[in-house]
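Shown next, in structure tokens, is the structure this report addresses.
The values are calculated or read from the model by the stated rules, or taken from the named source; none is laboratory data. Keep in mind the model is a prediction, meaning the values are calculated, not measured. We place every Cβ from the backbone using ideal geometry, glycine too, and count neighbours over all the protein chains shown. Surface accessibility is based on the protein's heavy atoms, side chains included, excluding ligands, DNA and RNA. Shrake-Rupley method; radii C 1.70, N 1.55, O 1.52, S 1.80 Å.
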Amino acid sequence: MPQKMVQYNFKKITVVPNGKDFIDIILSRTQRQTPTVVHKGYKINRLRQFYMRKVKYTQTNFHEKLSTIIEEFPRLDQIHPFYGDLLHVLYNKDHYKLALGQVNTARNLISKIAKDYVKLLKYGDSLYRCKCLKVAALGRMCTVLKRITPSLAYLEQIRQHMARLPSIDPNTRTVLICGYPNVGKSSFMNKVTRADVDVQPYAFTTKSLFVGHTDYKYLRYQVIDTPGILDRPFEDRNIIEMCSITALAHLRAAVLFFLDISGSCGYTIAQQAALFHSIKSLFMNKPLVIVCNKTDLMPMENISEDDKKLIDEMKAEAMKTAMGASEEAVLLKMSTLTEEGVMSVKNAACERLLDQRVEAKMKSKKINDHLNRFHVAIPKPRDNIERPHSIPQVVLEAKAKEAAEKEKRKTEKDLEEENGGAGILDGHNVADFLDPDILLRLEELEREEAIRQADGEEEDFEMDGEELTDEQKEQLAKIRNKKAVLIREHRLKKTVAQNRSTVPRKFDKDNKYTTKRMGRELSSLGLDPSAAVDRARSKSRGRKRDRSEDAMDVDDDAQEGNKKMRVRSKSRSMSISRSQSRPPAHEVVPGDGFKDSTQKKAALKISNSSHKKRDKNARRGEADRVIPTLRPKHLFSERERKNRQALMKPDKGKQMMDGLKNMSQVLDYALFFFYYYYVTQLLWFIYRHYMKHCSFLCEHCVSRTKNCFNGFILINL
């Protein structure tokens, strides 16, 4: 059976909470999902089941959470060797396995604790004993979980880092880019793929693996940009370099070894050749292409003979993995700045990789099974007669018509070229009509304008009264006083003016909205329009002026008296209007637009019901998260069930006792009535005698009081 390709998606790993949050999650879930009310009167079996259920439910939640952590994190022995070694390089597989092992041990310990305490709860003899056992069980479980808090924090950091790893498919067609730092690997990656890798003029800009995708011959290839590698012993390489070594060792890919022949990366060709020979064991059985980059700075013809000899040695090593490819396909020149040779490098690498994969499949044992499924049909001529293709005349005419329509239209540029080129207008050269001294004239105009602006600034002055005559100063003071008076009057009118909403004139240009029209429409509805028309007319009238401008010679004292009278009458009318009571809500007021009170009640009912739902969902603000107090089912279901059972199965003896209890209550009420009657009579007699006869109790009052008390004591006995 063909092996199924494994997909690695580390972004789906569940978040690992820390120890404190883990305990809070489990205990709050236990509190919410299990019953919370228990009484001493319950049978002992019921008490045991109540607390056993809590212990078992807590253990189940711990087991599920810890099992999810253990199962979702990848097993290093069961995943692809590339990911196994990459995780070992990044996180140290010993620490990784130790953390998962501690989580597994905690899961087993919690299960064992729950099992032991459930056995003890089966023999609990009281509510207190069962409760203590439950608290001890949950406490020991939480203690076990607190001990693995560092492991949980370590696994959460690993999960966050793994979620940022690129999604690399180890089995698909892959092009791998490697070489010294700052030789142009990331620039080439950005040119051939849609990836956006950071490019900077210093070493080790790329600190991890980056993945992009490109297409060649309708096939998708993944391109991997690796961090730079330095020529030093294997033990001295850091984590960044080991990521590149891991990718070279485990991925079946076409390798592009980048060579900076200009030396601008900071490393000579000899150093880069030494790196090539130190890691050439990783290139075995892989298509290898040596790419000479930055030819725009240093062409291949200008390098020294020693460097050429080193490049030829590298080329000879690369030919060992050529598998029939030509020398031109092994050593390529390129410049990522000018994009010269970029696409040829990509095509050569993809072609080499495709040939290698096809050849590997042809050598496998499965080729015979695949070839049996194919049959190539080759047509043979039946005779020597030539049969040319025939195109209908209608189709030819349609094609000719389309070609005529697609003729290039003349643009403004074409018309300009036909008329003689740029600067020619109606057959005349525009430059012939320009004044050669136009620039000098422009400078003269600018100087003249600057002089005029300076003179204008000197002539400007503010009317502060320094350069005015006495008559002008007097007129200026009158103008300013008049302006201040107008401002004060305007502000006063704004404060005392009533809020009168009017229909703007621009919305009633044709005089459609008139009182006559409103009266006709109200009359057609069966309503009396007189009140509404009068109200509209009264609001449409403007405010009368208090006095005319001609009556300026009226005595000031009389004016002040009239003003006081107007203010007093206005305040009195406002107080009268306030004292009038408002009509009921359902009563029809003229001008409301309702026929009768029934219609108004129905409208008010619809209005109230329309915003009822909105009022229920009302909140004080955006941060209001108040949840109304509801009746939790687990707190009331048991009590209601007992009440229903008691009603369905009444006890006859209990009914008799209830009847006797009711009789005793009746007798108590009767005695209370007599007590109340005698005490009331006594107090009323004392009060009446005190108010009418004397200021102290006489002998007659004392004898009457004794009789009342004797009757009271007799009834009590």
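Against the list (1) out of contact with any Lys or Arg (no Cβ under 6 Å at 6 or more places or on another chain); (2) modelled with pLDDT of 90 or more, the condition N92 fails is (2).
Does L98 meet the test of being of a type outside the set (S, T, N, Q), open to solvent by 60 Å² or more (accessible area, probe 1.4 Å) and modelled with pLDDT of 90 or more? Quick ask: steps written out before the conclusion?
Numbers: of a type outside the set (S, T, N, Q): yes; open to solvent by 60 Å² or more (accessible area, probe 1.4 Å): yes; modelled with pLDDT of 90 or more: yes.
It is true that L98 is of a type outside the set (S, T, N, Q), open to solvent by 60 Å² or more (accessible area, probe 1.4 Å) and modelled with pLDDT of 90 or more.
Would the range 158-168 turn up any residue that is open to solvent by 80 Å² or more (accessible area, probe 1.4 Å), of a type outside the set (F, W, Y) and modelled with pLDDT of 90 or more? No, the range 158-168 has no match at all. Among the residues of the range 322-344, are any part of a loop (DSSP other than H, G, I, E, B), charged (D, E, K, R), touching a residue at least 40 places away in the same chain (Cβ under 8 Å) and open to solvent by 100 Å² or more (accessible area, probe 1.4 Å)? Looking for residues that are part of a loop (DSSP other than H, G, I, E, B), charged (D, E, K, R), touching a residue at least 40 places away in the same chain (Cβ under 8 Å) and open to solvent by 100 Å² or more (accessible area, probe 1.4 Å), one finds at least one in the range 322-344, hence yes. Each residue in the range 274-306 was checked for being over 25 Å from E351 (Cα atoms) and touching a residue at least 24 places away in the same chain (Cβ under 8 Å), and 8 of them qualify. Against the list (1) outside any helix (DSSP H, G or I); (2) over 22 Å from F283 (Cβ atoms), the condition Y267 fails is (2). Exactly one residue among T36, T58 is modelled with pLDDT of 90 or more and β-branched (V, I, T), and that residue is T58.
As a summary of the residue check, R237 satisfies the conditions (1) free of Cβ contacts under 8 Å to residues at least 24 places away in the same chain; (2) out of contact with any Leu (no Cβ under 9 Å at 6 or more places or on another chain) except for the one numbered (2).
I need the full set of residues from the range 190-234 which are acidic (D, E) and without any contact (Cβ under 8 Å) to a residue 12 or more places away in the chain, in order please. Across the range 190-234, the qualifying residues are D196, D215. Number of residues in the range 170-196 that are open to solvent by 30 Å² or more (accessible area, probe 1.4 Å) and farther than 27 Å from T268 by Cβ: the value is 5.
Applying a threshold of 7 Å to beta carbon distances and a minimum spacing of six or more residues, or different chains, the list of pairs starting in the range 29-55 at a residue that is more than 16 Å from C132 (Cβ to Cβ) and in a helix (DSSP H, G or I) and ending at one that is at pLDDT 90 or above and open to solvent by 50 Å² or more (accessible area, probe 1.4 Å) reads T30/Y57; Q33/Y57. Quick one: is R140 charged (D, E, K, R) and in contact with a strand residue (DSSP E or B) (Cβ under 6 Å, 6 or more places away or on another chain)? Answer is no for this residue.
Applying the selection to the range 71-99, what residues are charged (D, E, K, R) and over 19 Å from V16 (Cα atoms)?
D77, D85, D94, listed by residue number.
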